[in-house]
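Colleague: Let me begin by handing over the structure; questions about it come next.
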Amino acid sequence: MKLDFVCIGAQKAGTTTLHDILNTHPDIYLPPNKEAHFFNVEEYYAQGLDFYFEKYFQSYKNEKFIGNINPNLHIDIKYVSRIKNLFDENVKVVFILRDPVKRSYSHYLMSKGRGFETLEFMEAIKVESKRFLSKKIHEGYKSRESGHFEKNHFSYIHRSLYSETIQFLFDEFGRKNVKIILFEDFVKNIPETISEILNFLEISFSDEMNFKIKSNEAFVSKSKKLRNLINNLRFLKYISKNLIGEKTSKKIKMTIMSLNRRKLKKEEKELSQLEMKAIFEEYFKNDIKKVEKLIGRSLDSYKY
């Protein structure tokens, strides 16, 4: 078994839509669950590649190209480094960037919608770094690594900083094996961007692909009590282990969650211009300058 390509994020930058569209290509195999956690979870990684392929590749049918789309790989450079160490530097890497202010706020809305976040946005980004040092154990969560839960769900600013990751990818995999995509280009013309990605991956275009998929839109829960019950990690772990099994438990969870959601209104999705400008100036201005130099492209649309 091999790994031909990965998409490492960024989170809230169209990775679910990308996964679902590429999954309609007959020559591409992607694990059914988009975020096939292995490289980014210490407990799974310690069990070796056999565990990875046995857990996530049960439906593999000799497709020509194998990929893994997981925006959580962007949380820490060591996760991407593990891919190179286990395979080689010829694994191709796709990295989708999004306006860092909008990505941060979209991430916040997702965590809040799931019931994980209780703070207001401006307060949450001020305490973000302190949260990463958390020694809390979240019962039923996939990892007991210190701060893992917090980095996954509360890393609004951290996961909107791109320059360090891009530099690492260029150094370790070579520029020819790294494709930088802008989320804004992706949503403007999905078929064209997918074709661009396929050319980069050296995979032929397929008429079987479905470009009408639009996944993982921002939402708010209709019932907070039902949402909190579904997000009770200990409760879910008990049910999946003792009553109905992990796969059935996940299906039921996703069904209930989808029925309990409503799409966010436009005004609920946006910060004010003053807030966006202040956040950009404080957290992202210098990083975006570095990104522009690295990719040789102006990112004026990301500036406020």
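The values are calculated or read from the model by the stated rules, or taken from the named source; none is laboratory data. Note that the coordinates shown come from a computational prediction; the quantities given were computed from them, not determined experimentally. Backbone-built Cβ (ideal geometry, glycine too); neighbour counts: all protein chains shown. These accessible areas exclude ligands, DNA and RNA; they are computed on the full protein's heavy atoms, side chains included. Shrake-Rupley method; radii C 1.70, N 1.55, O 1.52, S 1.80 Å.
Colleague: Can you tell me which of Arg103, Arg114, Arg175, Arg98 is of a type outside the set (Val, Ile, Thr), without any contact (Cβ under 8 Å) to a residue 40 or more places away in the chain and more than 28 Å from Ala46 (Cα to Cα)? Please lay out each step first, then the result.
Modeller: Working: Arg103 fails: without any contact (Cβ under 8 Å) to a residue 40 or more places away in the chain; Arg114 fails: without any contact (Cβ under 8 Å) to a residue 40 or more places away in the chain; Arg98 fails: without any contact (Cβ under 8 Å) to a residue 40 or more places away in the chain.
Testing whether each residue is of a type outside the set (Val, Ile, Thr), without any contact (Cβ under 8 Å) to a residue 40 or more places away in the chain and more than 28 Å from Ala46 (Cα to Cα) leaves just Arg175.
Colleague: When Thr15 is evaluated against the numbered criteria (1) touching a strand residue (DSSP E or B) at 6+ places or on another chain (Cβ under 8 Å); (2) open to solvent by 10 Å² or more (accessible area, probe 1.4 Å), which criterion, by number, is the only one it fails?
Modeller: Every condition holds for Thr15 apart from (2).
Colleague: Give just the number: which of (1) open to solvent by 60 Å² or more (accessible area, probe 1.4 Å); (2) farther than 25 Å from Gly147 by Cβ does Asn85 not satisfy?
Modeller: Evaluating Asn85 over (1) open to solvent by 60 Å² or more (accessible area, probe 1.4 Å); (2) farther than 25 Å from Gly147 by Cβ leaves (2) as the failure.
Colleague: Would you be able to tell me the number of residues in region 66-123 that are of a type in the set (Phe, Trp, Tyr) and closer than 18 Å to Pro31 by Cβ?
Modeller: Looking only at that region, the number is 2.
Colleague: Right, something else. Out of the residues in region 190-208 that are of a type in the set (S, T, N, Q) and surrounded by 12 or more Cβ atoms within 10 Å (Cβ to Cβ), state the one that is nearest to Gly174 (Cα to Cα).
Modeller: Going residue by residue through region 190-208, those that are of a type in the set (S, T, N, Q) are 193, 195, 199, 204, 206.
From what's left, surrounded by 12 or more Cβ atoms within 10 Å (Cβ to Cβ): 193, 195, 199, 206.
Values: Thr193: 21, Ser195: 22, Asn199: 17, Ser206: 28 Å.
Selected residue: Asn199.
Colleague: Determine whether Tyr105 is hydroxyl-bearing (Ser, Thr, Tyr), within 30 Å of Lys303 (Cα to Cα) and open to solvent by 10 Å² or more (accessible area, probe 1.4 Å).
Modeller: yes
Colleague: Here's another thing I want to ask about it. Quick one: count up the residues across region 66-85 that are out of contact with any helix residue (DSSP H, G or I) (no Cβ under 7 Å at 6 or more places or on another chain), hydrophobic (A, V, I, L, M, F, W, C) and part of a helix (DSSP H, G or I).
Modeller: Residues that pass the stated criteria total 1.
Colleague: Which condition does Val6 not pass, out of (1) over 17 Å from Lys78 (Cβ atoms); (2) in contact (Cβ under 8 Å) with a residue 40 or more places away in the chain, if it passes all the others?
Modeller: Val6 satisfies every listed condition except (1).
Colleague: Can you tell me which residue in region 166-187 is modelled with the lowest pLDDT, limited to those that are within 20 Å of the chain's Cα centre (by Cα) and open to solvent by 50 Å² or more (accessible area, probe 1.4 Å)?
Modeller: Val187
Colleague: Could you check Asn40 against (1) closer than 30 Å to Leu271 by Cβ; (2) part of a loop (DSSP other than H, G, I, E, B); (3) open to solvent by 20 Å² or more (accessible area, probe 1.4 Å) and say which number it fails?
Modeller: Asn40 satisfies all of (1) closer than 30 Å to Leu271 by Cβ; (2) part of a loop (DSSP other than H, G, I, E, B); (3) open to solvent by 20 Å² or more (accessible area, probe 1.4 Å) except (3).
Colleague: Then there is this: Working only within region 68-90, note down all residues that are in contact (Cβ under 8 Å) with a residue 12 or more places away in the chain, under 29 Å from Phe132 (Cα atoms) and not β-branched (Val, Ile, Thr).
Modeller: Applying the first criterion (in contact (Cβ under 8 Å) with a residue 12 or more places away in the chain) to region 68-90 yields 68-77, 79-84, 86-87, 89-90.
Checking which are under 29 Å from Phe132 (Cα atoms) leaves us with 68-77, 79-84, 86.
If the condition is that a residue be in contact (Cβ under 8 Å) with a residue 12 or more places away in the chain, under 29 Å from Phe132 (Cα atoms) and not β-branched (Val, Ile, Thr), then Asn68, Asn70, Pro71, Asn72, Leu73, His74, Asp76, Tyr79, Ser81, Arg82, Lys84, Leu86 are the ones that fit.
Colleague: Please report, ordered by residue number, the helices (runs of 4 or more DSSP H) entirely within region 192-304 with at least 1 residues that are of a type outside the set (A, V, I, L, M) and at pLDDT below 90. Before the answer, list the steps.
Modeller: Numbers: elements: 224-230, 233-239, 246-259, 266-269, 273-279, 285-295.
Fully inside region 192-304 and qualifying: 224-230, 233-239, 246-259, 266-269.
Colleague: Output yes when any residue across region 33-43 is over 25 Å from Gln167 (Cβ atoms) and over 18 Å from the mean Cα position of the chain (by Cα), and no when none is.
Modeller: For region 33-43, residues over 25 Å from Gln167 (Cβ atoms) and over 18 Å from the mean Cα position of the chain (by Cα): present.
Colleague: Then there's this: Without any contact (Cβ under 8 Å) to a residue 24 or more places away in the chain, open to solvent by 30 Å² or more (accessible area, probe 1.4 Å), in contact with a Phe, Trp or Tyr (Cβ under 9 Å, 6 or more places away or on another chain) and in a loop (DSSP other than H, G, I, E, B), is that true of Gln58? So that I can check it myself, show each step before the final result.
Modeller: Working: without any contact (Cβ under 8 Å) to a residue 24 or more places away in the chain: yes; open to solvent by 30 Å² or more (accessible area, probe 1.4 Å): yes; in contact with a Phe, Trp or Tyr (Cβ under 9 Å, 6 or more places away or on another chain): no; in a loop (DSSP other than H, G, I, E, B): yes.
So Gln58 fails the test.
Colleague: Here is a follow-up. Are any residues in region 156-165 outside any helix (DSSP H, G or I) and either of a type in the set (Asp, Glu) or open to solvent by less than 30 Å² (accessible area, probe 1.4 Å) (or both), and if so, which ones?
Modeller: Selection gives Tyr156, Ile157, Tyr162.
Colleague: Suppose we filter Asp27, Asp4, Asp20, Asp50 for residues that are of a type outside the set (A, V, I, L, M, F, W, C), open to solvent by 30 Å² or more (accessible area, probe 1.4 Å) and in contact with a helix residue (DSSP H, G or I) (Cβ under 9 Å, 6 or more places away or on another chain); which single one remains? Full working, then the answer.
Modeller: On the way: Asp27 fails: in contact with a helix residue (DSSP H, G or I) (Cβ under 9 Å, 6 or more places away or on another chain); Asp20 fails: in contact with a helix residue (DSSP H, G or I) (Cβ under 9 Å, 6 or more places away or on another chain); Asp50 fails: in contact with a helix residue (DSSP H, G or I) (Cβ under 9 Å, 6 or more places away or on another chain).
Matching residue, one of Asp27, Asp4, Asp20, Asp50: Asp4.
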